[in-house]
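Notes for the one structure printed next.
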Amino acid sequence: MRAVMFQAYGPPEVLTQVDLPTPVPRADQVLIRVHATTVTSAECGMRRGEPRWGRVVIGLRRPRRRVRVLGLELAGQVTAVGPATNRFRVGDRVFGFTSFGAGANAEYKCLSERASIARMPENVTYAQAAATVDGFTTAWHFLRDLAELQPGQKVLVIGASGSIGTYAVQLATHLGAVVHGVCGARNAKLVASLGADRVFDYTVEDFTTSGERYDAVLDTVGRSSFTRCRPLLAPRGCYLPTTGLVNSVLAARTAVTRGPRVRTGMSVRKHTALAALRDLLSQDRLQIVVDRTYPMAEIVEAHRHVDTGHKVGNVVITVVDD
């Protein structure tokens, strides 16, 4: 099977297309023929070996063998199942998250049926489905699981035009919250159309001096800090950073003190969020924002684009041309 692999940390050019054996599903695994995947900021960080502390997990000097094929989101069709599989059948259209093993930048991927995968709604394409998984479920993890956002509360989304941000704005709106977003001027209309009541242009406005107070501040891009955002938070408000080792320390510290808290953590098991995502997609209640689409042969160019830090929504890779 075709796959894209990297064997050293570095720029997009470390990615090379290779031929690998097609995996065979064991026990409760399903074999998925991948039709579409994505390139995310997280994967570009993995490719660069950043942040440095992350190399403890993915490999100190070079990527560990099990993560050399990137790809966290996928959508495709089940082509074979292991003998202990009960949830899925051959022919099922599925979408989901590959977790720490990555591996979706390939024509086939084996996953346990207990992994974060679900049947796709009939009304979305493979490319659309792949572009929803990690962004929406990460937004769900922070806004529902950690912040426990309630109707009428106010939330600020920093990086509101990115993959997580576009879904966070929509999810918070669906939950009945008042939503403000931070992004560049060229994406302000998009973010407003997704449900934001106020949009800050970070190139000319300092959102920290707006006088607003929030029950939750979600930073999807790692460009703020708890110190900077604390004055914006309600007395028991939450600062929700998606990146940063220091924020884990702050989360433990603020959990036992009065006042605003830091809440963070990785979204790995996505079953509940995937079920909610599937429902919203099937009802056409979620806008999928796709910046660019590339064939797998042009994945290096896709990584270059994501590395600019200016992608809007999602960057999709088509593995099978539908």
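Near the amide H of Ala80, within less than 5 Å, lie the amide hydrogens of Leu31, all on another chain or at least 5 residues away, with H placed in the peptide plane.
Sorting Cys44, Cys183 from the fewest to the most surrounding beta carbons within 10 angstrom yields Cys44, Cys183.
Under 5 Å from the amide H of Lys154 lie the amide H atoms of Val178, Asp215, Ala216, each residue being 5 or more positions distant or on a separate chain, with H modelled from the backbone and absent for Pro and chain starts. For Cys110, the residues whose modelled amide H falls within less than 5 Å of its own, excluding neighbours fewer than 5 places apart on the same chain, are Ile32. If the cut-off is a Cα-Cα distance under 19 Å, which aspartates and glutamates reach Lys109, setting aside same-chain residues fewer than 8 apart in sequence? Correct list for Lys109: Asp19, Asp28, Glu43, Glu73, Asp92, Asp134, Asp321, Asp322. Ranked by the mean number of other Cβ atoms within 10 Å of their residues, highest first, the peptides 260-269, 89-98 fall in the order 89-98, 260-269. Return the whole-Å distance between the Cα centroid of region 144-180 and the Cα centroid of region 231-273. About 15 Å separates the Cα centre of region 144-180 from the one of region 231-273. Of all the options Arg52, Arg213, Arg62, the one that moves most in a Gaussian network model of the chain with Cα springs shorter than 10 angstrom is Arg52. Here Lys154 is the anchor, and the lysines within straight C-alpha reach of less than 27 Å, apart from those fewer than 8 places off in the same chain, are Lys189, Lys270, Lys311. Summing charges over neighbours of Gly159, with a neighbour being any other residue whose Cβ is under 12 Å away from its Cβ, gives +1 when K and R count +1 and D and E count -1.
Here, each number is a calculation from the coordinates, and none is a lab measurement. Note that the coordinates shown come from a computational prediction; the quantities given were computed from them, not determined experimentally. Using ideal geometry, Cβ is built from the backbone for each residue, glycine included, and neighbour counts are taken over all protein chains shown.
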